[in-house]
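See below for the structure under consideration.
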Amino acid sequence: METQSASTLPSPFAGLKVIELADDAGGEYAGRLLAEMGAEVIKIEPPQGAPTRALGPWAGGVIGPDNSLNFWFYNSNKKSVVLDGLEGLAPLLADADIFISTLQPKALKAAGLDLDRLCRTYPKLIVLSVTAFGLTGPWADYKSSDLVALAAGGPLNSCGYDDHAIPPIRPGGNQGYHTAASFAHIGAMLALIERQKTGLGQLVDVSMHEGLAVNVELANPYWFYPKVNVQRQTCRHAQPSPTQPALFRCADDRYVYYTLILSEQRSWEMLVKWMDSKGLAAQLVEPEFADIKYRQDNFYQVQEVVECFFLVHEAEQMYREGQEAGLPIGILNAPEDLFADPHLQARGFFIDVDHEGIGPVKYPGAAYRFSSMAEVPRTRAPRLGEHSGEVDG
Amino acid sequence: MQPASSRTPVARRGPLTGVRVADFCWMGVGACATRLLADFGAEVIRIEDRNRLDMPRRLPIYKNEVRTYGEEDANPDPNKGGLFNNYNRNKLGVTINMRTARGRELADRLIASSSVVTENFAPGVMERWGLTYDRLKQLSPQVIYARMSGFGHSGPNADYRSYGPVVQAVSGMSHISGLPGQEPSGWGLSYMDNEAAFFNAAALLMAIYQRNVTGEGSEIDVSAVEAGINLLGPILLDVAVNGRSTRGPDFPTGNRLEYPDAAPHGVYPTLGEDRWIAIAVFNDAEWRALISVAGDPEWAADPGFADQQARFENQDALDAHIAAWTRGQDRYALMHRLQAAGVAAGAVQSAEDTNDHDPQIAGRGLFFELDHPVIGEARFEGTPIQFSRTVQENWRSAPLLGEDNAHVFKSLLGVGAAEYEALVAEGVI
C-alpha cells in the first residue's frame with residue numbers, strides 16, 4: 001500500500017468519486033456525509049431537477065428548484081449534473097468509486113439498471129443501494145415515506161403521549177431517512193476498507209426498514225429476553241409499565257427533561273440540597289424522605305414538590321444550575337436557541353456557508369472531529385445543472 | 001464455522017481483521033459503536049471493572065422474567081443481563097482495576113498491542129489514568145483514539161452530564177417532536193445513544209481507512225449533541241435562513257407534514273387495542289388508489305377533497321373520514337391492500353411484530369440467534385446491510401465478566417503464569 005503524508009492530503013476522501021442517483025433524503029444524506037469529508041459527489045438529476053428540489057421550506061419563501069432548503073440541507077458540497085435519460089450514466093461510472101442509488105427493484109428495471117451487472121462491469125465500483133425495504137423480499141417494492149418507515153420499522157411504536165387515544169406521534173426531522181443514511185455511511189466505509197484489502201468493490205444493500213428495526217433501543221431486548229412490549233409515554237422512555245413524568249414545565253413555558261430516580265441516594269441528596277438552597281425543598285428535607293422506601297411510597301408528594309420547584313424558575317436557569325449541581329438535566333432547546341449557545345460557539349460548531357444574494361448561512365458542522373484530517377470547506381448545494389459542463393459524461 | 005459450544009477466541013474474518021481495539025467503552029452508546037467493529041472482524045477487547053459493573057450488566061432485562069421497570073435486582077448476576085449480551089456480541093472481555101497502579105500498567109500493555117482505543121467516559125476520566133492521546137501515541141504510534149461524549153471534549157459544558165434523553169433535549173430533537181400547541185412528545189427511546197454510536201462507528205471506520213493510506217493515526221472527538229443537531233433536518237435551515245420561529249402554535253406538526261402538501265398523512269386506528277396504521281398520500285394518483293381501496297365512499301367526492309391542495313387544507317375533516325374507515329380493519333390486511341394499489345402504508349409495528357410477524361425482515365435474516373452459557377439461546381439485532389462480499393461473522397455471544405482474561409493477558413500480552421496468579425490474587429484483574 002502506498003503511503004502518503006497527511007499534510008499533503010487534504011482529506012483521505014479527496015480522491016474519491018461518488019455518483020449519486022438519489023431522490024430521497026436517505027440516499028442524499030449518505031452522499032452528503034461522503035461529500036463533507038472531501039469526496040467529489042456528483043448528483044445526477046433529470047432536466048426538471050431531483051424531486052427533492054420541489055420540497056420546502058423555501059429560502060425567502062420563494063418557490064423554485066434552487067431555493068429548496070430541504071435540498072440545501074442534504075446536498076451541500078455536491079456537484080449537480082443534468083442527464084436527460086440514463087444513457088450518459090455508464091461513462092461516469094467507469095472511473096467512479098461509489099455509485100449511490102435509491103431506486104427500488106421495479107424502478108431499477110424500468111430505468112434499465114442492473115446493479116449486479118454494474119458490479120460485474122466495474123469490479124472496483126462500490127454500489128451503495130439505499131432503499132425503503134432493501135432490494136429483495138416480499139416488500140421490496142412497497143412504497144414508503146419517513147412516517148411509514150418509522151411505523152413499520154418500530155420506532156414509532158415507542159413515541160407519543162401517555163394518552164393512548166392519541167396515535168403514536170412521529171418524532172421530527174426525517175429520522176427514518178437519517179437512520180438509513182447512517183447505515184449507508186457505515187456500509188460504504190466497510191466496503192471501502194474491504195476494497196483497500198482486496199481491490200474489489202461490491203453491492204451494498206441498505207434497508208431503511210431494517211435499519212429502523214434495529215434502532216429501537218430497549219424495545220428489542222425487552223422482546224428478546226422477558227418477551228414484553230414497551231408502551232409509549234410522553235417524552236420519556238417507552239417501558240413495559242408506566243413510569244413517572246420526566247418533562248417539567250418552567251416559569252417561561254419552556255421545558256426541562258429530568259428523570260427523578262428515587263432509588264439513587266446520591267442524586268436524591270444533590271436534588272434536595274439544590275432545592276433547599278432556594279428554600280423550596282418543602283417537606284423533602286424531613287428525615288423520613290432520606291429513606292428510599294418512604295420516597296417510593298410517597299412518590300406523588302415528591303413529584304408535586306419537584307414540579308413546583310421547576311415551575312417557579314426559568315428553564316435556562318434550571319438547566320445550568322442543575323448541571324452545576326451534578327444532575328443530568330437537559331433543557332428542551334428549540335432550533336433557534338442553538339446558534340447563541342456559548343458551548344457550541346466555543347467549539348465553533350456552526351459553519352458559515354456562503355449563498356450568493358443571501359450571505360452567509362449557518363450550517364451544522366460535522367459531528368466528528370479528527371486530529372489527522374484537515375477540515376473540508378463547506379460549500380452550498382449546487383444549482384440545478386451547475387456542473388453539467390465540467391464533468392465528462 | 002466453529003461449533004456453537006466453543007467460546008475459545010479464533011482468528012476472525014471480515015474487513016477489519018488485524019485491528020485490535022482496547023475498548024474502554026461502556027453503557028449503551030459506547031458498546032453499540034464498538035459492536036459494529038466487532039461484527040466485521042476487529043478484535044475488540046472490552047475492558048471492564050469488577051467493582052463498577054457496566055449498567056447493561058446490572059439492568060434486570062432477563063430472559064423469561066418480567067420485571068416492572070425500576071424493580072431492581074439488588075444483587076444482579078453480571079452474566080445474566082440481556083442488554084449487555086445485546087450490545088457486546090463478538091467481543092472479548094477482560095477485567096482490569098484501573099484504580100491500581102498495576103492495573104494501569106496492564107492497560108498500558110494492552111494499549112501498546114492495540115491500534116485503536118475507544119472510550120465514552122465523562123471527560124477527564126481517561127486523563128486521570130494518564131491516557132492522553134500523546135501518551136497513547138507513545139504506547140502505540142499509529143493509534144486511533146476515539147472519544148465520544150455528550151458535549152464533546154472542549155467547550156464550557158464539556159463536563160455536563162448526559163445520556164440519550166438529555167442529548168435529545170439539548171440538541172432540539174425533543175422540541176421538534178409532538179402535536180402543535182401541546183407539550184412535546186419527544187422520543188420514547190434513547191435514539192441519540194444509537195445515532196451517536198453510528199456516527200462514532202463511521203468516524204472510526206474513516207480513521208481506519210485514512211490510516212491504511214497514510215499510516216497515521218488520529219484522535220476523534222464525537223459530540224452526541226452535535227450529532228443530534230445535524231439530525232434536526234431542514235427545519236434548522238428554515239430557522240437559519242428565514243428566521244422562522246418553532247415556538248408558535250403551528251409547530252411541530254405531529255404526524256402531518258409541512259412540506260410537501262401530503263394528505264392524508266397520519267396514523268389511524270385499526271382493529272384491536274392500540275393498533276395503528278400509517279398512511280401517506282402524496283399525489284392525486286395515490287389519492288384515487290386510496291379511495292378505490294376504500295370503495296369510492298360518498299364523502300370522498302366532497303369538493304373539499306377535490307385536489308391535493310384542498311385535501312391538505314382540510315386534513316381535520318379528511319382524517320376523521322379516514323379514521324372512521326380504518327377503524328375495525330386488520331392493520332396488516334389494510335397495509336397490503338393499500339400497498340397493492342400503490343399507496344404508502346405501514347402497520348405500526350412493535351418489536352414483537354418486527355421479530356415475529358414481519359416476512360420482509362424474516363426473509364432477509366436480520367435477526368439471528370447465539371447461545372450464551374448463562375442466558376441460553378438469545379436473539380440479536382443484526383446489521384441492516386447486505387453485502388455481496390463483506391462478511392459479518394457472529395462467532396460468539398457477549399463475554400462473561402472477565403471471560404477472556406487468560407487468553408488476552410497470557411496469550412496475547414505474554415503475562416507469565418506466576419504474574420497472572422498474582423494479578424488475580426491482588427484483585428488487579
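The values are calculated or read from the model by the stated rules, or taken from the named source; none is laboratory data. Note that this is a predicted model, so its numbers are computed, not measured. Note: ideal-geometry Cβ built from the backbone for every residue, glycine included; neighbour counts use all protein chains shown.
Summary of values
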| quantity | calculated |
| --- | --- |
| Of residues in the range B:368-381 being more than 7 Å from chain A (Cβ to nearest Cβ) and closer than 26 Å to B:Ala202 by Cβ, the one surrounded by the most Cβ atoms within 10 Å (Cβ to Cβ) | B:Phe380 |
| Top-ranked residue of the range A:207-231 - restricted to ones that are outside any helix (DSSP H, G or I) and aliphatic (A, V, I, L, M), ranked as farthest from A:Ala30 (Cα to Cα) | A:Val228 |
| Single unsatisfied condition, A:Lys43 versus (1) touching a strand residue (DSSP E or B) at 6+ places or on another chain (Cβ under 9 Å); (2) within 14 Å of chain B (Cβ to nearest Cβ); (3) buried (at least 24 other Cβ atoms within 10 Å of the Cβ) | (2) |
| Members of the range B:257-313 found to be in a loop (DSSP other than H, G, I, E, B), among the small types (Gly, Ala, Ser) and without any contact (Cβ under 8 Å) to a residue 40 or more places away in the chain, listed by number | B:Ala294, B:Gly295, B:Ala306 |
| Filter result (of a type in the set (Val, Ile, Thr) and without any contact (Cβ under 8 Å) to a residue 40 or more places away in the chain) within the range B:348-387 | B:Thr354, B:Ile361, B:Ile385 |
| Within the range B:43-158, helices (runs of 4 or more DSSP H) holding 2 or more residues that are closer than 24 Å to B:Gly217 by Cβ, at pLDDT 95 or above and not hydroxyl-bearing (Ser, Thr, Tyr) | B:101-112, B:125-128, B:133-139 |
| Members of the range A:356-382 that are at negative phi and surrounded by fewer than 14 Cβ atoms within 10 Å (Cβ to Cβ) | A:Glu356, A:Ile358, A:Pro360, A:Ala374, A:Pro377 |
| Test for A:Ala6: is it at pLDDT below 95, in contact with a helix residue (DSSP H, G or I) (Cβ under 6 Å, 6 or more places away or on another chain) and closer than 30 Å to B:Leu204 by Cβ | yes |
| Residue check, A:Gly348 at the interface with chain B (Cβ under 10 Å from one of its Cβ atoms), part of a loop (DSSP other than H, G, I, E, B) and loosely packed, with under 14 Cβ neighbours inside 10 Å | yes |
| Residue match in the range A:184-205 (condition: part of a strand (DSSP E or B) and either more than 7 Å from every other protein chain (Cβ to nearest Cβ) or under 18 Å from the mean Cα position of the chain (by Cα) (or both)) | no |
| Any chance B:Gly181 is more than 7 Å from every other protein chain (Cβ to nearest Cβ) and not in a loop (DSSP other than H, G, I, E, B) | no |
| Restricting the range B:382-411 to residues that are surrounded by 15 or more Cβ atoms within 10 Å (Cβ to Cβ), among the polar types (S, T, N, Q) and out of contact with any Cys (no Cβ under 8 Å at 6 or more places or on another chain), the residue that is farthest from the other protein chains (Cβ to nearest Cβ) | B:Asn405 |
| Strands (runs of 3 or more DSSP E) wholly inside the range B:329-429 that include at least 2 residues being closer than 22 Å to A:Ser158 by Cα | B:344-347, B:378-381 |
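This table checks each residue for (1) buried (at least 16 other Cβ atoms within 10 Å of the Cβ); (2) within 30 Å of B:Leu204 (Cβ to Cβ).
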site: A:Trp58; (1), (2): yes, no
site: A:Gly64; (1), (2): no, no
site: A:Phe73; (1), (2): yes, yes
site: A:Asn77; (1), (2): yes, yes
site: A:Val82; (1), (2): yes, no
site: A:Pro91; (1), (2): no, no
site: A:Ala96; (1), (2): yes, yes
site: A:Gln104; (1), (2): yes, no
site: A:Asp114; (1), (2): no, no
